[in-house]
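First up is the structure itself, then whatever we jot down about it.
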Amino acid sequence: DAGITQSPRHKVTETGTPVTLRCHQTENHRYMYWYRQDPGHGLRLIHYSYGVKDTDKGEVSDGYSVSRSKTEDFLLTLESATSSQTSVYFCAIRGGTDNLAQYFGPGTRLLVL
Amino acid sequence: ILNVEQSPQSLHVQEGDSTNFTCSFPSSNFYALHWYRWETAKSPEALFVMTLNGDEKKKGRISATLNTKEGYSYLYIKGSQPEDSATYLCACERDGNNRKLIWGLGTSLAVNP
């Protein structure tokens, strides 16, 4: 257990509304990631962070923004939710210098109607 | 485009059978090769991270090998059990890529009792 929580765990929203997902970690890890999981596509990286206020885009970043104002929290915002953003969203952290593995949060299931 | 390819896409075996999967990855600028186990309705869990050519890792009945020169890794499961049923993901970490992973689509294993 790498102390990663995600909130909310489930959300239903309407097209056009903004949505923010939160990832919280308790172990001061530097690298944090947001992925989405869709059938046939596996895990796809949306955005990632390599430190406070240091973020960069992944392969499917359009329509998403992120913020990391403190080490423990990494927020993912859907600026104007669309039905194509219905997905399961996973947050992950990287273990550290001596531990390269990524550790995942429990996931957030988002439905955009 | 740099891809990670996994084969087979899916596999059905009987309890007690031994099985293996393949992961092919770009060998240039190699940094690390990751294996994860992903059970349905859960989050991916790290199995192994390997960095050196010829590395072999083992955890119980599961083991993995790495060939960085030719860009492949094998995951072996000895004496499969129904609880081994999951999707097995591999991911490649490349040098200078800011610790992002390139993910394969996974091999889905079903072990029949």
Query raised in the report: Can you name the residue in the range A:87-113 that is farther than 13 Å from A:ILE4 by Cα and open to solvent by 50 Å² or more (accessible area, probe 1.4 Å) and, of all such residues, is nearest to the chain's Cα centre (by Cα)?
Result: A:ARG109
Report task. Any chance you could count how many residues in the range B:17-39 are open to solvent by less than 50 Å² (accessible area, probe 1.4 Å) and either in contact with a helix residue (DSSP H, G or I) (Cβ under 9 Å, 6 or more places away or on another chain) or under 15 Å from B:ALA110 (Cβ atoms) (or both)? Result -> 4
Report task. Considering every residue within the range A:16-35, establish whether at least one is over 20 Å from A:PRO106 (Cα atoms), over 15 Å from the mean Cα position of the chain (by Cα) and among the hydroxyl-bearing types (Ser, Thr, Tyr). Result -> yes
Report summary line: Screening B:VAL49, B:VAL111 for residues that are more than 12 Å from chain A (Cβ to nearest Cβ), in contact with a His (Cβ under 9 Å, 6 or more places away or on another chain) and either exposed (fewer than 12 other Cβ atoms within 10 Å of the Cβ) or of a type in the set (A, V, I, L, M) (or both) leaves only B:VAL111
Query raised in the report: Is there a residue being at pLDDT 95 or above, open to solvent by 40 Å² or more (accessible area, probe 1.4 Å) and within 14 Å of chain A (Cβ to nearest Cβ) anywhere in the range B:88-104?
Result: no
Report summary line: Picked from the range A:1-37 (must be within 11 Å of chain B (Cβ to nearest Cβ) and not in a loop (DSSP other than H, G, I, E, B)), the residue most open to solvent (accessible area, probe 1.4 Å) is A:GLN37
Query raised in the report: Taking the stated definitions as given, is B:LEU109 under 30 Å from B:GLY16 (Cβ atoms), in a strand (DSSP E or B) and touching a helix residue (DSSP H, G or I) at 6+ places or on another chain (Cβ under 9 Å)?
Result: yes
Query raised in the report: Do you know which residues across the range A:38-63 are more than 10 Å from chain B (Cβ to nearest Cβ), more than 19 Å from A:THR20 (Cβ to Cβ) and not small (Gly, Ala, Ser)?
Result: A:ASP38, A:PRO39
Query raised in the report: Consider B:SER10 against the criteria (1) surrounded by 12 or more Cβ atoms within 10 Å (Cβ to Cβ); (2) over 16 Å from A:LEU43 (Cα atoms): it satisfies all of them except one. Which criterion is unmet?
Result: (1)
Query raised in the report: Can you tell me which of B:LYS42, B:LYS57 is within 14 Å of chain A (Cβ to nearest Cβ), open to solvent by 70 Å² or more (accessible area, probe 1.4 Å), outside any helix (DSSP H, G or I) and under 24 Å from A:HIS41 (Cβ atoms)?
Result: B:LYS42
Query raised in the report: Can you tell me which residues in the range B:63-87 are in a strand (DSSP E or B) and open to solvent by less than 20 Å² (accessible area, probe 1.4 Å)?
Result: B:ALA64, B:LEU66, B:SER73, B:LEU75, B:ILE77, B:ALA86
Query - Residue list for the range A:44-63, filter: surrounded by fewer than 20 Cβ atoms within 10 Å (Cβ to Cβ) and in a strand (DSSP E or B) - result: A:ARG44, A:TYR50, A:GLY51, A:ASP54, A:THR55, A:ASP56, A:LYS57
Report summary line: Looking across the range A:64-81 at residues that are open to solvent by 50 Å² or more (accessible area, probe 1.4 Å) and not charged (D, E, K, R), the single one that is farthest from the other protein chains (Cβ to nearest Cβ) is A:SER80
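The values are calculated or read from the model by the stated rules, or taken from the named source; none is laboratory data. Not measured: the values here are computed from a predicted model. Cβ atoms come from the backbone with ideal geometry, glycine included; neighbour counts cover every protein chain shown. Side chains included, ligands, DNA and RNA excluded: accessible areas come from the protein's heavy atoms. Shrake-Rupley method; radii C 1.70, N 1.55, O 1.52, S 1.80 Å.
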